[in-house]
1. Filter the stretch 174-216 for residues that are surrounded by 15 or more Cβ atoms within 10 Å (Cβ to Cβ), at pLDDT 80 or above and either more than 28 Å from the chain's Cα centre (by Cα) or over 30 Å from residue 79 (Cα atoms) (or both) and give the result.
2. Hey, does the stretch 72-91 have a residue that's out of contact with any helix residue (DSSP H, G or I) (no Cβ under 6 Å at 6 or more places or on another chain), more than 16 Å from residue 228 (Cβ to Cβ), surrounded by fewer than 18 Cβ atoms within 10 Å (Cβ to Cβ) and assigned by TED's automatic domain parsing to the domain that holds residue 204?
3. Just to be sure before I move on: is residue 37 within 29 Å of residue 173 (Cβ to Cβ), more than 20 Å from the chain's Cα centre (by Cα) and assigned to a helix (DSSP H, G or I) in the structure I sent?
4. For the stretch 105-114, enumerate the residues that are touching a helix residue (DSSP H, G or I) at 6+ places or on another chain (Cβ under 6 Å), over 9 Å from residue 169 (Cβ atoms) and assigned to a helix (DSSP H, G or I).
């Protein structure tokens, strides 16, 4: 297990360093490769200690503003806000899907099948369309739970999860060892939990990027705190981006903020993948 964990950590480091170096070179293309490499090492060191540089207007960028320095943009709290919102949305979508599929498969309830079919249809509508429709009604009075619902249902997030879950539970429910356990009056859930857990890990982690992207789009549309809003404010907002780019003659308006956001996204996705592989290896190869 230790060797597998070390291998996953090594792959994680290689992936993060490679992708971040490529992105750094794309954004800072106006120097030689050797100088760019040294600048990248210097930037990576400062990123690891939480010093993310400064904006074109002289504001400091840090991961956490522990000492409450003035004129400082703190990215850390916004990043964890996005992560927290994503986790809540995944748990909500997974729980709702599991509840509906249980009554559809086990209890053969047609009412819950109708509800799931309606949510599957609603899930095929893109999050931008749903967000604009809801924004036109509620404006900025969007509660946390409405946000979770938007992120959980939109852009095939719920449809993909419920479809995978329905297929896996149906197949598992018809397995010979489950039928035998049911015939002998044994506890069926005891025999299903390992396979169900493995399938659930694959379902949740494979769809993480969908929920994470939905969360960032939700933050952009409703101007909610998070790295999605930071990306909109300092990079995608054409008015501020154009003026800053002219002043700094840069390929992007705020390269340090963009680099920090990309690095956090890459770190998150790489950590999720490493965690997934470690869990699956433990459940499949070690805990039998």
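1. Listed by number, the residues that qualify are 195, 196.
2. Yes: one or more hits.
3. On the way: within 29 Å of residue 173 (Cβ to Cβ): no; more than 20 Å from the chain's Cα centre (by Cα): yes; assigned to a helix (DSSP H, G or I): yes.
For residue 37, the condition - within 29 Å of residue 173 (Cβ to Cβ), more than 20 Å from the chain's Cα centre (by Cα) and assigned to a helix (DSSP H, G or I) - is not met.
4. Quick first cut of the stretch 105-114, residues touching a helix residue (DSSP H, G or I) at 6+ places or on another chain (Cβ under 6 Å) only: 105, 109, 112-113.
Keeping just the survivors that are over 9 Å from residue 169 (Cβ atoms) gives 109, 112-113.
Answer for the stretch 105-114, where residues must be touching a helix residue (DSSP H, G or I) at 6+ places or on another chain (Cβ under 6 Å), over 9 Å from residue 169 (Cβ atoms) and assigned to a helix (DSSP H, G or I): 112, 113.
The values are calculated or read from the model by the stated rules, or taken from the named source; none is laboratory data. No experiment lies behind these values; they were computed from the predicted model shown. Neighbour counts run over all protein chains shown; Cβ positions are idealised from the backbone, glycine included.
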